[in-house]
Structure formats: C-alpha cells, structure tokens
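What follows is a set of notes on a single structure, which appears directly below.
The values are calculated or read from the model by the stated rules, or taken from the named source; none is laboratory data. Every value quoted in this text rests on a predicted model; they were computed, and no experiment measured them. Glycine also receives a Cβ, built like all others from the backbone with ideal geometry; neighbour counts cover every protein chain displayed. Keep in mind that these areas ignore ligands, DNA and RNA; they rest on the heavy atoms of the full protein, side chains included. Shrake-Rupley method; radii C 1.70, N 1.55, O 1.52, S 1.80 Å.
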Amino acid sequence: QVQLVESGGGLVQPGGSLRLSCAASGSIFSINAMGWYRQAPGKQRELVATIRRGGSTNYADSVKGRFTISRDNAKNTVYLQRNSLKPEDTAVYYCNADVVVVVTFRRGDYWGQGTQVTVSS
C-alpha cells in the first residue's frame, strides 16, 4: 500500500559525508512527520532526526550540528545529510513516515527496509 525506499548508504571514512534519501510511494493522501532512525549491532533502534510537514525538525543530541534532515513534500522524499561522520555512526539507517492513505484516510506508521552505513578507515 505504501512503500519507503532508502538509498545512499555505504562505506565512508571518518570525517566524511554522506546523504541518505528515502522516497515514499503508493496510496498516499498525505504524509505528516518523516524521520530517520538507526540501529547499531547489539543495540536498540534509536531516533536520529524527524521533520514535520511544515518543516520543524528534531534531532538526537548525538547528531546535532553534524546531521541535517530535510524533505521535499512534492516528491514525498526525506533526506539526511550527514557530515563529520564518526565510527559510532555505523548502523543500519531506517526511514519512517507517518502516512494517511487514500480511500480509507487511515493513518499508519511505515518503515523502509534499511540501508547500511559503515564509517571506517
């Protein structure tokens, strides 16, 4: 019904930069908040950043000043620009969207499949 597809993961050296993208498609009427979460090996999934439809943002303390979340409402796409990457940023990054679907106008929470990001020299 709704699909989220992430792209932009990979291997990057410490101090480097990488941008993640997540495009939502399907039976979408509107998207409220979109966000990024990550899960490192052996750890619970944690919030990285969220952005509401109007543009207000929220960041985890560990990424403030290094990561920037943005979105293109016309394309139903959310981005995460990550600078000054550290080894501890290594994780699988997941896209999330709070979506209202067409026809039923039901609101649901959707997740992407995840994209691996490895920060290592």
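Key figures for this structure:
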{"quantity": "Within region 48-73, tally of residues that are among the small types (Gly, Ala, Ser) and under 22 Å from Gln113 (Cα atoms)", "calculated": "3"}
{"quantity": "Qualifying positions in region 4-26 - closer than 16 Å to Asn96 by Cα and surrounded by fewer than 13 Cβ atoms within 10 Å (Cβ to Cβ)", "calculated": "Ser25"}
{"quantity": "Scope region 44-55; condition assigned to a loop (DSSP other than H, G, I, E, B), more than 18 Å from Thr77 (Cα to Cα) and without any contact (Cβ under 8 Å) to a residue 40 or more places away in the chain; matching residues", "calculated": "Gln44"}
{"quantity": "Residues satisfying the stated conditions in region 82-104, i.e. under 21 Å from Ala23 (Cβ atoms) and over 10 Å from the mean Cα position of the chain (by Cα)", "calculated": "Arg82, Ala91, Val92, Asp98, Val99, Val100, Val101, Val102"}
{"quantity": "Positions within region 82-116 being open to solvent by 60 Å² or more (accessible area, probe 1.4 Å) and in a strand (DSSP E or B), in sequence order", "calculated": "Arg107, Asp109, Trp111, Gln116"}
